[in-house]
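Take a look at the structure below.
No value in this document is a laboratory result; all are computed from the given coordinates. The model shown is predicted, which means the values in this text are computed figures rather than measured ones. As a convention, Cβ positions derive from the backbone with ideal geometry for all residues, glycine included, and neighbour counts pool all protein chains shown.
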């Protein structure tokens, strides 16, 4: 029996005038992700179909499970949209399954097919009852639900439907720059931003020798996990040592985190200008730490005019951790290598900073020249989920 993978778009179908653009972007993503496999891919306004080699099915399913824009997918059997061919295929499938109760659901997209859906349900159900012993119909909770989709180009019969990860295909929104630390929250924020179609570059702030090469490797590993959901991610590594040392040398202790974050936002704005980024994305969660109170966010945010997207802002830590486990970043994030956001945390950081005080404190040193130096000395690496070593940056 000939099989294909039948993909349903879900949320993409609500895009009206932009629907074709979203579907085309998803098509190109699927095509790129399945490069190297023996597949043929077809699309229309309602579905996408992948013809595949049976030996590759599990690999292809694993790849599809990480493509945004897919609502559900099924492995479907195909025949001609002709009555006897459909009857024969449905019975052949039913004979291969073990069940006590069943139901047939027909969807007749091809209105030229002469039998209405409800009538055909009864016909197909009758054939199954006649040829298989000790079974019965259950329209509410069947052991086997056979779905039959009759279209002009063929009929698809399937019984298992798998959930995709939904959202919009990456690239249907412009680029955002993700502040990627080694913690739990920022990789989750990156995942959720990509789910809304945002293409991402990532930015990592390090302060060697106060942070370690292991911390950098940890961030590269997190970036590799995220890259499985897109084509690639450019990771920009910023040397933050000089700025951070000057902050803790010149700024009053309780304002150090506030000033540090303001410097990071200034750098992010500059990088967005360089790399055509339309927003800053980060893993800030309201009230989780001193720099993430609404008062702190307001003071820190004031140094940039760019939108700051905080996908996990209203999630609690347990919810964030659940997503981190789902996307396989949690075990990497909890490795005990500190980043520059945690290595110099003061004992009593201010939770309600004043903007005038922040400006006064940061003007105690020449941060503009240091920002220039940090950007000019930046290293960039292209990270994909297929590369295992990044020795040039370690």
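Listing for the model above:
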read-out: For the chain, share of DSSP beta bridges that run antiparallel, in % to the nearest 5; value: 55
read-out: Sequence of 147, 225, 24 once ranked by neighbouring C-beta atoms within 10 Å, starting from the fewest; value: 24, 147, 225
read-out: Mean residue ellipticity (222 nm) of the chain, computed from DSSP H runs ≥ 4 via -39,500 (n - 2.57), nearest 500; value: -11500 deg cm²/dmol
read-out: Length added when fully stretched, residue 32-residue 119, from 0.36 nm per residue minus Cα-Cα; value: 27.1 nm
read-out: Residue 92-residue 270 pseudo-label distance in nm [points 7 Å out on the Cα-to-Cβ vector]; value: 6.6
read-out: Förster radius 35 Å - calculated FRET efficiency between residue 160 and residue 18, Cβ distance, rounded to 0.05; value: 0.65
read-out: Where a label projected 7 Å from the Cα of residue 326 along Cα→Cβ would reach, residues of segment 185-210 with amide N under 20 Å; value: 185-200
read-out: Segment residue 298-residue 72, extension gain: residue separation times 0.36 nm, minus the distance between their alpha carbons; value: 77.4 nm
read-out: Cβ-Cβ FRET estimate between residue 376 and residue 250, R0 fixed at 22 Å, reported to 0.05; value: 0.50
read-out: Point-to-point label distance, residue 51-residue 100, nm (Cα→Cβ direction, 7 Å offset); value: 4.2
read-out: Global size of segment 172-393 as Cα Rg and Dmax, reported in angstrom; value: 16.3, 48
read-out: Percent antiparallel among DSSP beta bridges (both partners in segment 3-163, rounded to 5); value: 75
read-out: Antiparallel DSSP beta bridges within segment 172-393, as percent of all bridges there, nearest 5; value: 25
read-out: FRET efficiency for residue 138 and residue 318, using Cβ-Cβ distance with R0 set to 25 Å, rounded to 0.05; value: 0.05
read-out: Label-point gap, in nm, between residue 208 and residue 384 - each point 7 angstrom along Cα→Cβ; value: 2.6
read-out: Kirkwood Rh (inverse of mean 1/r, distinct Cα pairs), segment 41-114, angstrom; value: 15.2
read-out: Listed residues 308, 137, 90, most fluctuating in the chain (Gaussian network, C-alpha, under 10 Å); value: 137
read-out: Identified option (computed P(r) over Cα pairs in 20 Å bins from 0, in percent; candidates (1) 28, 56, 16, 0; (2) 21, 35, 24, 13, 6, 1; (3) 24, 43, 23, 9, 0); value: (3)
read-out: Spherically averaged projected area of segment 178-288 from its Cα convex hull (nm²); value: 7.3
